[in-house]
Amino acid sequence: MLRNNERFLKNTNPHLLHNVKDIKSSENVVLEPAKNDGLTVKIEDENQNYNYIHSKYNPVREAKTIIDRYEEELKTKDNVMIYGLGMGYHVEELKHRYPKHKLFVYEPNSDVFSHLVNNRNLDRILGTKDMLSVGFSAADIKKFLQEYIEQLNVNTTFIVLPSYERLYQEEYNEFIHNFIEAVKAKRITNITNYRFEKNWTINSLKNLKYTLNTPNVLSGANVKNMKQTPTIIVAAGPSLNREINTLKYIKENSLANIYSVGSAINTLVDNDIIPDAVFTYDPQDHNHRVYQKAIEKGVDKEVLMVFGSSVGYKTLEYYRGPKFHVLTSQDTVTKMFLDVDYRQYGFVSDSPSIAVITLQILGLLESSPIIFVGQNLGYVGNEHYADGIQYGEKRKTLNDNSNTLIVKGTQGQDIVTTDSFNRMRQSLEYYIGYFIQEKNIQFINTTVEGAHIEGTRFEYLENVISDLSPISNSFVDSIEQKNELNLSLSKNELLDLKDSFDNNLGNIAHYLDRLNEQVERMRLNQIDQTLKEIDKTLKNVNLNSYYQHIIAPMIRVQNEIVNNKIRNIDYSQNDKRGAEVYQLLSKHLELMSDVNNEISEHFYETIEELSNEGVIE
């Protein structure tokens, strides 16, 4: 390897440097000089024919032609994903034309890369901020795409080395599929975060009094009570209708714990089936309406509610029955207020449905078997809800919805589903796979006309009960256990954190006003000093617990966009850098101030409430 390349990789990609040193040269990947200019590589295929990855005459001229094809797109998109680095001529040409573009380069053939680093200087091809991955393993590809996604804030131009599209057709198609899925997942995450980022924080803050005064569902007697106890997760799919009589029999004979998720409580209440617990986590403001029927009939007073700590706060205010809590990954507030290690205390990861949250809880408690009822994850005819599901909203049907796909059903049939339902299924499958491997839990899917869930076996519910015996353990048996949470900060310490954040916001506003004046008057030496003051103050903000746990989570999408843009600012010219920083941060400061004003009332209200109750001093 060229020494220059070793230094380059050591500074930019030490993991790749380590892997490159282990490459053993292959005889079917041959380096040779091109006839007119540069180097080219030929690769032997399974038929013992050689295929050139670059022109064997003039790869440099060929590179210009490749980039010419993408010229118009490259003018409007400053992120570029490149499949196939080869000897790097097309990437070098791209970097020459667009030096500020951020490149994400994947090379599937490690032998080709070995020839590259032994013969050409990488710093002529790539910048220090560009990302490079070589196809050593599926894990490396996944890591590469994940790093790409974390930095994605604009549309991307996708460039493929033409020869690789032919030579690696199967691998290329798989890479494209994974790339598209990664982008789709990122967009869904951004949409979800943007939609709920404020709700999660406000709810977690207002729910703190309930979190502090209820038992943790993942601790205490539950750990012993629930192990190897059969449980039924009852969802609100249309197949729930056919299981009503069997569920009544199970309830009357105490054959399993019956847990209602989401809207299923309405169908159960309509049929006089009282579940052993209801599970809820939806952060939306209207979530409490799910329990309106149960509250009107007084059923809520006798049914345990297991709530995610970031659930819509009105749900806990209206529901009158006993409660257990579980900390959710979206609850950043509890981390600030309480002296608690989430990993030891236990928490669940945010998920696309309450069924997945419930599965995580029951899996961690090692309940087995876990039985799904009404988990259709698709349509039966024109319906995807069981009878009795309404609570003020228009009942949703398939109708002419064109955004559908077909998946395998529990009985081998085709099931019409949606992308949303499909994500729920995939999430269920992920955790089922984990709990089968780590806890040896059994999973049974009794949903007739439902989507097949990998890791479960299908069995009719009326047949499952023949293997069940009466049980005596449930969550309610341990409802009197104490909460183990302890506050980590006093009232004054919490208020000081808020005051410190407010003061730093004021300082940033002052420095930005000064920066704007300096940019307008071209005071280049002063700009650099002001930028240092801004950077110092921003570091103070980032270290402030009030910002970390309350403000930042409420603007997580916008923070990511701003950070990515700041990362790409040209630092070589003070005046231009100052103007870009001012433009980005002035808008972001306004956003932080607005969010701070919005949450302040809830923050002070919670502090006062906890102080009056003697929870904090």
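The values are calculated or read from the model by the stated rules, or taken from the named source; none is laboratory data. Model, not experiment: these values are computed from the prediction. Cβ sites come from the backbone with ideal geometry, for glycine too, and all protein chains shown count toward neighbours. Accessible surface is based on the protein model in full, side chains and every heavy atom, while ligands, DNA and RNA are left aside. Shrake-Rupley method; radii C 1.70, N 1.55, O 1.52, S 1.80 Å.
Against the condition open to solvent by 20 Å² or more (accessible area, probe 1.4 Å), of a type outside the set (A, V, I, L, M, F, W, C) and at pLDDT 95 or above, how does N245 come out, does it pass? If you could, list the steps in order and put the result at the bottom.
On the way: open to solvent by 20 Å² or more (accessible area, probe 1.4 Å): yes; of a type outside the set (A, V, I, L, M, F, W, C): yes; at pLDDT 95 or above: yes.
So N245 fits the description; yes.
For region 71-92, name all the residues that are open to solvent by 10 Å² or more (accessible area, probe 1.4 Å), in a loop (DSSP other than H, G, I, E, B) and in contact with a strand residue (DSSP E or B) (Cβ under 6 Å, 6 or more places away or on another chain).
Within region 71-92, just K77 meets the criteria.
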- Can you name the residue in region 369-397 that is modelled with pLDDT of 55 or more and out of contact with any helix residue (DSSP H, G or I) (no Cβ under 9 Å at 6 or more places or on another chain) and is also farthest from T447 (Cα to Cα) among such residues? T397
- Message: The conditions are (1) under 24 Å from E366 (Cα atoms); (2) at pLDDT below 95; (3) open to solvent by less than 20 Å² (accessible area, probe 1.4 Å), and G237 fails exactly one of them. Which is it?
- Response: (1)
- Query: among the basic types (K, R) and buried (at least 19 other Cβ atoms within 10 Å of the Cβ), is that true of K186?
  - Reply: no
- Log entry, pairs with first residue in region 402-416 being charged (D, E, K, R), second being open to solvent by 50 Å² or more (accessible area, probe 1.4 Å), beta carbons closer than 6 Å, six or more apart or on different chains, reads D414/I406
- So, in region 108-148, of the ones that are among the hydroxyl-bearing types (S, T, Y) and in a helix (DSSP H, G or I), which residue ends up farthest from the chain's Cα centre (by Cα)? S114
- In region 330-352, anything under 17 Å from the mean Cα position of the chain (by Cα), among the polar types (S, T, N, Q), open to solvent by less than 20 Å² (accessible area, probe 1.4 Å) and under 18 Å from S600 (Cα atoms) is listed as none
- Message: Being surrounded by fewer than 21 Cβ atoms within 10 Å (Cβ to Cβ) and of a type outside the set (F, W, Y) is the requirement here; does L327 meet it?
- Response: no
- Qualifying positions in region 370-381 - closer than 21 Å to S427 by Cβ and outside any strand (DSSP E or B): G374, Q375, N376, L377, G378, Y379
- In this structure, is G455 in a loop (DSSP other than H, G, I, E, B) and either modelled with pLDDT under 95 or under 15 Å from G363 (Cβ atoms) (or both)? yes
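Residue check: is V105 in a strand (DSSP E or B) and over 34 Å from the mean Cα position of the chain (by Cα)?
On the way: in a strand (DSSP E or B): yes; over 34 Å from the mean Cα position of the chain (by Cα): no.
No: the conditions fail for V105.
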- Filter region 201-219 down to the residues that are farther than 28 Å from V595 by Cα and in contact with a Lys or Arg (Cβ under 8 Å, 6 or more places away or on another chain), then identify the one that is surrounded by the most Cβ atoms within 10 Å (Cβ to Cβ). T214
- Please tell me if K335 is among the basic types (K, R), touching a helix residue (DSSP H, G or I) at 6+ places or on another chain (Cβ under 9 Å) and within 19 Å of P553 (Cα to Cα). yes
- Item | Where a residue in region 23-34 is over 16 Å from V134 (Cα atoms) and touching a residue at least 24 places away in the same chain (Cβ under 8 Å) and its partner, wherever it lies, is surrounded by 11 or more Cβ atoms within 10 Å (Cβ to Cβ) and among the β-branched types (V, I, T), with Cβ under 6 Å and at least six apart | L31/V41; A34/T40
- Query: Any idea which residue in region 421-452 is farthest from L364 (Cα to Cα), counting only those that are surrounded by fewer than 22 Cβ atoms within 10 Å (Cβ to Cβ) and out of contact with any helix residue (DSSP H, G or I) (no Cβ under 9 Å at 6 or more places or on another chain)?
  - Reply: N422
- Item | Filter result for N266 (open to solvent by 20 Å² or more (accessible area, probe 1.4 Å) and of a type in the set (S, T, N, Q)) | no
- Message: Condition check: touching an Asp or Glu at 6+ places or on another chain (Cβ under 7 Å) and open to solvent by less than 50 Å² (accessible area, probe 1.4 Å). Does N5 satisfy that?
- Response: no
- Task: Output the residue which, of all residues in region 269-321 that are in contact (Cβ under 8 Å) with a residue 24 or more places away in the chain and basic (K, R), is surrounded by the most Cβ atoms within 10 Å (Cβ to Cβ).
- Result: K293
- Message: For region 203-250, give me each residue that is among the charged types (D, E, K, R), farther than 19 Å from V615 by Cβ and part of a helix (DSSP H, G or I).
- Response: K224, R242, E243, K248
- Item | Among (1) within 19 Å of T214 (Cβ to Cβ); (2) at pLDDT 95 or above; (3) touching a Gly at 6+ places or on another chain (Cβ under 9 Å); (4) of a type outside the set (G, A, S) - the single one V269 does not satisfy | (1)
- Item | Set K42, K95: member being assigned to a strand (DSSP E or B), out of contact with any Pro (no Cβ under 8 Å at 6 or more places or on another chain) and crowded, with 16+ Cβ neighbours inside 10 Å | K42
- Residues of region 459-491 being at pLDDT 95 or above, open to solvent by 40 Å² or more (accessible area, probe 1.4 Å) and either part of a helix (DSSP H, G or I) or more than 30 Å from D276 (Cα to Cα) (or both), in sequence order, are E462, N463
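One line per residue, one yes/no per condition, for (1) closer than 21 Å to L167 by Cβ; (2) of a type outside the set (S, T, N, Q):
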residue: L16; (1), (2): no, yes
residue: N19; (1), (2): no, no
residue: S26; (1), (2): yes, no
residue: T40; (1), (2): yes, no
residue: E46; (1), (2): yes, yes
residue: N49; (1), (2): yes, no
residue: P59; (1), (2): yes, yes
